[in-house]
Structure formats: C-alpha cells, structure tokens
1. Which of the following residues is within 13 Å of the ligand (Cβ to nearest atom), under 19 Å from Ala7 (Cβ atoms), touching a Lys or Arg at 6+ places or on another chain (Cβ under 9 Å) and of a type outside the set (Gly, Ala, Ser): Ile204, Ile164, Ile172?
2. Filter the range 30-58 down to the residues that are open to solvent by 10 Å² or more (accessible area, probe 1.4 Å), of a type in the set (Gly, Ala, Ser) and under 19 Å from the mean Cα position of the chain (by Cα) and list them by number.
3. Any residue in the range 210-229 that is free of Cβ contacts under 8 Å to residues at least 12 places away in the same chain and away from the ligand (no atom under 14 Å from the Cβ)?
4. Please go through (1) near the ligand (Cβ under 10 Å from one of its atoms); (2) under 14 Å from Lys27 (Cα atoms) for Ala232 and return the number of the only condition it doesn't satisfy.
5. Kindly indicate whether Ser138 is within 16 Å of the ligand (Cβ to nearest atom) and polar (S, T, N, Q).
6. Looking at (1) away from the ligand (no atom under 16 Å from the Cβ); (2) buried (at least 17 other Cβ atoms within 10 Å of the Cβ), find the lone condition where Ala183 falls short.
7. Using beta carbons and a limit of 6 Å, which pairs, at least six apart or on different chains, have the first residue in the range 166-180 and part of a loop (DSSP other than H, G, I, E, B) and the second one among the hydrophobic types (A, V, I, L, M, F, W, C) and more than 8 Å from the ligand (Cβ to nearest atom)?
Amino acid sequence: MRKPIIAGNWKMFKTEAEAVDFVKKVKPLVKDVKDKTMIICPTFPALSKTADELQGSNVALGAQNIFWEDEGAFTGEISGPMLKAVGCTYVIIGHSERRQYFGETDETVNKRIRAALKHKLSPIVCVGERLEERESGSTFKVVETQIRGAFKDIDEAHWDNIIIAYEPVWAIGTGKTATPDQAQEVHKFIRGLLPKSVAEKTRILYGGSVKPNNVKDLMAQPDIDGGLVGGASLKPDSFSQLAMF
Ligand code: 13P
C-alpha cells in the first residue's frame with residue numbers, strides 16, 4: 001500500500017514571516033490527517049523558522065534543491081548536511097524550472113539524487129515533457145530518458161526513499177491540468193521503467209495545476225500516488241483541502 005503524499009512546492013514565494021504565518025494557520029486545519037504524508041518546501045531562507053514552527057506537527061519539511069558536494073567553494077549552493085541540520089527530510093530535485101532556467105541536466109539530477117540519499121534526505125525527482133515534445137509524440141521517449149538518466153547506477157537498496165513526480169511542463173502554472181487518463185498513462189509507463197523489486201512500492205506524484213477541484217479525480221488513478229503542487233499549496237485553506245482529498 002503506497003501512502004499518498006501531498007507536497008507543496010512553494011518555488012520563489014513567501015518570505016520567512018509569510019512561511020511561518022502559513023504554518024501557524026495550516027497546522028490546526030490538517031492536524032487530523034493521518035492517511036497522507038504532507039510536505040511543504042519553502043525557499044532556503046525560510047527553512048529554519050518554518051522547521052521550528054512545524055515541530056511536533058504532522059507536516060514535514062523539504063527543500064527545493066541540493067548541491068552534490070558536502071561543502072566547499074561553491075558560491076550560492078546548499079549542501080545535504082546543511083539541509084539535514086535545518087530539519088529537512090525531503091528535497092525536490094530536477095524540477096523543470098531548474099532544467100529550463102538553471103541548466104539542470106539528467107546528469108546533474110543524478111548527482112543531486114546521490115547526495116540526497118547519502119544524507120538520508122528523500123529526493124522528489126521531477127520529470128516531464130514540454131508541450132512541443134507532447135505534440136510531436138515523444139512524451140514517452142523524453143520521460144524514459146529522464147528516468148534512466150536520473151537513476152543511473154542508483155542502488156536498489158535506496159529505493160525506499162525515492163519519490164518521483166511526473167510534471168508535464170505544459171501543465172505547470174497554466175491551469176491546464178493533464179486529464180486523469182493522460183497522467184495515468186505516463187505514471188504507469190514510469191512504473192514500468194523502475195526496477196521490478198521496487199516498482200510497486202515507489203510513489204509517483206503528479207504535478208501541474210493540481211487544485212482542490214481536480215485532485216480527487218487525479219488521485220483516483222491506480223498509479224497516481226499524490227501531488228506535487230505549486231500555486232494551490234500557497235494558501236492554508238487550499239493546501240488543507242488538497243490534503244483531505
Ligand atoms: P502548479 O501547481 O502551480 O501548476 O505548479 C506545479 C509545480 O511545478 C509543482 O512543482
């Protein structure tokens with residue numbers, strides 16, 4: 001049985017004070033949610049105070065990126081030990097915005113996954129095709145390349161901690177959600193690419209315009225095990241509605 005996950009990717013939204021305010025408001029709303037894992041991923045400067053405010057709650061903390069070295073002369077980067085020390089248990093890796101704007105490749109995604117696993121952070125690894133790739137019929141090829149590249153030579157023993165997010169780029173922030181059937185088709189395909197021994201227990205999240213009014217239909221699909229949510233995760237009300245689908 002795969003426990004569903006609702007993860008909020010806050011991208012570059014919310015100051016530290018705004019993040020703390022969100023947590024204060026969301027905690028009582030979701031305190032009885034036991035059947036899902038809830039995660040929020042604020043910006044780096046908000047992690048510390050957010051972690052303090054989350055203490056003792058049923059919501060976990062994640063970061064939005066990780067560098068592959070533990071320390072050194074890497075201006076602007078943040079390492080696994082630093083994320084661990086601040087209270088993170090999850091980290092998003094390879095989001096399409098990082099691939100598009102910051103030169104992320106399947107190779108760097110692979111290095112970041114290794115760093116996360118080394119420091120016992122659960123990576124939420126993002127894959128997904130762009131609009132022109134879907135329209136030209138190469139969705140499966142693109143996703144397969146991303147999955148094979150990301151998980152190249154990752155030991156099967158680590159798979160308990162790995163989470164995958166399928167996020168079609170054309171559905172992110174556009175209000176254009178993939179239909180439950182479109183998403184299910186790709187989720188099933190992704191599961192089929194995973195090592196046999198881990199495929200059935202790995203959680204595959206869907207991301208791309210998930211909202212309180214479409215979450216139920218998406219989550220009803222057999223291979224969709226939760227959501228990685230941008231816009232609708234920013235308000236306590238809608239986050240809590242998502243967590244109670
Ligand atoms: P939206 O939910 O705003 O479409 O963002 C999805 C996303 O990119 C989550 O990582």
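The values are calculated or read from the model by the stated rules, or taken from the named source; none is laboratory data. Bear in mind that the values here come from a model prediction, so they are computed numbers and not experimental data. No Cβ is skipped: glycine too gets one built from the backbone with ideal geometry, and neighbour counts run over all protein chains shown. These area figures cover heavy atoms from the full protein model, side chains too; ligands, DNA and RNA do not enter into them. Shrake-Rupley method; radii C 1.70, N 1.55, O 1.52, S 1.80 Å.
1. Of the residues listed, the single one that is within 13 Å of the ligand (Cβ to nearest atom), under 19 Å from Ala7 (Cβ atoms), touching a Lys or Arg at 6+ places or on another chain (Cβ under 9 Å) and of a type outside the set (Gly, Ala, Ser) is Ile164.
2. If the condition is that a residue be open to solvent by 10 Å² or more (accessible area, probe 1.4 Å), of a type in the set (Gly, Ala, Ser) and under 19 Å from the mean Cα position of the chain (by Cα), then Ala51 is the only one that fits.
3. No: zero hits.
4. (2)
5. When the stated conditions are applied, Ser138 does not pass them.
6. Among (1) away from the ligand (no atom under 16 Å from the Cβ); (2) buried (at least 17 other Cβ atoms within 10 Å of the Cβ), Ala183 violates only (1).
7. That search, which allows pairs on different chains as well, returns Pro168/Ala178.
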